[in-house]
Amino acid sequence: MLQLSGAGKRFGHKLLFENLDWLITPKERTGLVGGNGTGKSTLLKVIASMDQLDYGNLTAMKGIRLGYLPQDGLTISGRSVFAECMSVFADVKDLEIELETLTGKMSDLDPTSEDYRLVAERFERADSEFRARDGYAVEAQVGAVLAGLGFRKEDWHRQTEEFSGGWQMRLALAKLLLEKPNLLLLDEPTNHLDLEARNWLEQYLTNYEFAYILISHDRYFLDVTVKKIAEIWNKRVTFYTGGYEKYRNQKAERLAQLESAYKNQRDKIEQLEAFINRFRAQATKAKQVQSRIKELEKIERIELPPEEATIHFTFPQPKASGRIVAEFKGVSKHYGAKRVLDNVNFIIERAERIALVGVNGAGKSTLIKLLAGAEALTSGDYTLGHNVDADYFAQDQYKELDVKARVLDDLSSAAPRSTQTELRNLLGCFLFSEDDVFKRIAVLSGGERNRYALARMLLHPANFLLLDEPTNHLDIRAKDVLLDALEKFTGTVVFVSHDRYFIEHLATRVFEIADGEVRVFPGNYADYLWRKEGGHEKTPTLNDVLIGVPAAVPIPMPLRSDAPAKRINPIKLKQMQDQARELEQRIAQLESSIQQAEAKLSEFVSADEAVRLSKELELNRNELEATMAQWEQVTQEIEATA
């Protein structure tokens, strides 16, 4: 269908890829992966004939229809949403109009006349083509695609210019899917989709009858939708069979085989060179020496690719909070007549990682703003627990930054004790490399500013993090760094994300927001889907549930009382407060020691050292558990006097 031969492309002086041979078949299902700036989007534009190769050739089959969706930047105006999608079927609508005209002519003509015969023949041909194009179902097709991508029925007749950039990209995607080109080229199509729309698109692409190539930073999406991975790395494009996880395994195996072959070849070369150097001066060995020199010259040297940078960053751990971090009692939030939340009750406990899910507009961002105190309650009570320090990362967090400052200087001012190397490593995790760190914040794009704002916040995290779509604009490597850091985070996290892999590996509970209610699902995203699909007889609402336990089960109430506070000696109160601070310091020391021991255990030195570290780790964990219990008891006694 389409073939690249010896293809190469430069971006200025930088070579992106070379010597690419790729035969794209009618059933192509390929995911393009690679680091930021390696040339994925450029290669997609080359295939779409929107950019030219610097080397090699691109040959396309005659009559091929290509459909290309960029990451962003498309704007549509002048028609309603439904009319814009129906414009895809303009030729089908022309056939429909022609059929109506021909029907009118036939009703006026004599059925025995020659004119009637000619009109009837044309009607039969047009009707056959109309049916072949599924003309009677085009409106149903438009409705199905719009609904799948999250457009509500009441929005179908709104003008397209009324929608934001993200919704404009959804509309552009809808039109492409309805056009059904022979080769669909999608550059990060999930960027502007919520989980429900992503799940729908996964199913749509799985059943798509033609070929597609897509770029995505969502590994689960790639696993479900593609059968081949094309990776751009080290100026080469390498192909792997299967989805993203298979690609990772195959790449590791291929690299291990290459390293083994390289070692064997080096051993052989060293043996040949040693023989040549040893007997070069001996006339009796001249023939053998020449034979080995020729053998050495014929060896095609194996080259190992440069190692990919492995970035690890450990975020500072926050101070410990009380067991109860946040509590909603009968909370409602209304915007005029619109009821976003109604009579919501829940408790969030220390160290929980809660994912907020729901369709677009259900109220995920509203709930996280209420938890952050950025929005006022309409009614009800919201209580933060003891020693809780909340920090909120909004979708537009970048607006709070000092736009005049340079990236590295601004980060240094936020973390004066960190070295330049540590700060640059952190910035590298979030895709700021080389001279990018010296850019002024004012010149960064919206996505770059959001990434930087996230990196800056996580330098000194609070013990209650509220993150609204922190994975936006991050590639897979940066998401992995963030995920790893949050998994090791000892505080509490409530987050919104549309990346299923991220939710799957981070969430310990899922809160689903729908129809003004918040429903709780224990476990990760897979558990949530299992229960949604009938794996649980009844999914209780949070009004019936506290801490994930059905209302029928007796629930231990939080250790506090509404009775009048007991009077206590001020000296004893001061002693308890001092004791609580000392316990908090010891908890922080123990958590740090545990982290260090775990890191050392991951690097084997000797069996004796491993045994020693394991014993030390167990002792520290036991002491941490006992200290936490003692600290909770002291803080509860202090709270009882408040």
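The values are calculated or read from the model by the stated rules, or taken from the named source; none is laboratory data. Source: prediction; values computed, not measured. With ideal geometry, Cβ positions are generated from the backbone for all residues, glycine too; neighbour counts draw on all protein chains shown.
The table below gives the values:
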| read-out | value |
| --- | --- |
| Pair list, Cβ under 8 Å, 6 or more apart: segment 264-277 residue closer than 13 Å to Arg301 by Cα, other residue of a type outside the set (A, V, I, L, M, F, W, C) and not in a helix (DSSP H, G or I) | Gln265/Arg301 |
| Among (1) over 19 Å from Asp391 (Cβ atoms); (2) not in a helix (DSSP H, G or I), the one test that Ser418 misses | (1) |
| Residue that is surrounded by fewer than 17 Cβ atoms within 10 Å (Cβ to Cβ), modelled with pLDDT under 90 and in contact with a strand residue (DSSP E or B) (Cβ under 9 Å, 6 or more places away or on another chain), where the choices are Gly78, Gly34, Gly39 | Gly78 |
| Top-ranked residue in segment 516-528 [being closer than 21 Å to Leu193 by Cβ and either of a type outside the set (A, V, I, L, M, F, W, C) or more than 18 Å from the chain's Cα centre (by Cα) (or both); ranked as surrounded by the fewest Cβ atoms within 10 Å (Cβ to Cβ)] | Asn524 |
| Extreme residue, nearest to the chain's Cα centre (by Cα), among residues of segment 493-513 that are buried (at least 22 other Cβ atoms within 10 Å of the Cβ) and assigned to a strand (DSSP E or B) | Val496 |
| Residue, modelled with the lowest pLDDT, within segment 149-164, restricted to residues that are of a type outside the set (A, V, I, L, M, F, W, C) and over 10 Å from Ser80 (Cα atoms) | Ser164 |
| Cβ pairs under 8 Å, 6+ apart, first in segment 149-175 and under 22 Å from Leu195 (Cβ atoms), second of a type in the set (Lys, Arg) and surrounded by 14 or more Cβ atoms within 10 Å (Cβ to Cβ) | Leu149/Arg170; Gly150/Arg170; Phe151/Arg170 |
| Residue selected from segment 429-454 under the condition modelled with pLDDT of 80 or more and small (Gly, Ala, Ser), by the criterion surrounded by the fewest Cβ atoms within 10 Å (Cβ to Cβ) | Ala442 |
| Unmet requirement for His460, which otherwise passes all of (1) under 25 Å from Lys40 (Cα atoms); (2) assigned to a loop (DSSP other than H, G, I, E, B) | (1) |
| Residue tally, condition surrounded by 13 or more Cβ atoms within 10 Å (Cβ to Cβ) and within 32 Å of the chain's Cα centre (by Cα), over segment 59-74 | 8 |
| Number of the condition not met by Leu43 [criteria: (1) over 16 Å from Val237 (Cα atoms); (2) part of a helix (DSSP H, G or I)] | (1) |
| Test: residue in segment 46-65 that is assigned by TED's automatic domain parsing to the domain that holds Phe210 and part of a helix (DSSP H, G or I) | yes |
| Counted residues, segment 362-385 - those being farther than 20 Å from Ala453 by Cβ, in contact (Cβ under 8 Å) with a residue 24 or more places away in the chain and surrounded by fewer than 19 Cβ atoms within 10 Å (Cβ to Cβ) | 9 |
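For (1) within 19 Å of Glu209 (Cα to Cα); (2) touching a Lys or Arg at 6+ places or on another chain (Cβ under 8 Å), each residue gets a yes or a no:
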{"position": "Val88", "(1), (2)": "yes, yes"}
{"position": "Glu100", "(1), (2)": "no, no"}
{"position": "Ser113", "(1), (2)": "no, no"}
{"position": "Asp127", "(1), (2)": "no, no"}
{"position": "Val142", "(1), (2)": "yes, no"}
{"position": "Lys153", "(1), (2)": "no, no"}
{"position": "His157", "(1), (2)": "no, no"}
{"position": "Arg170", "(1), (2)": "no, no"}
{"position": "Leu184", "(1), (2)": "yes, no"}
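Table: residues versus (1) surrounded by fewer than 18 Cβ atoms within 10 Å (Cβ to Cβ); (2) not assigned by TED's automatic domain parsing to the domain that holds Val289.
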residue: Glu209; (1), (2): yes, yes
residue: Ile229; (1), (2): no, yes
residue: Asn234; (1), (2): yes, yes
residue: Leu258; (1), (2): yes, no
residue: Ala261; (1), (2): yes, no
residue: Asp267; (1), (2): yes, no
residue: Glu270; (1), (2): yes, no
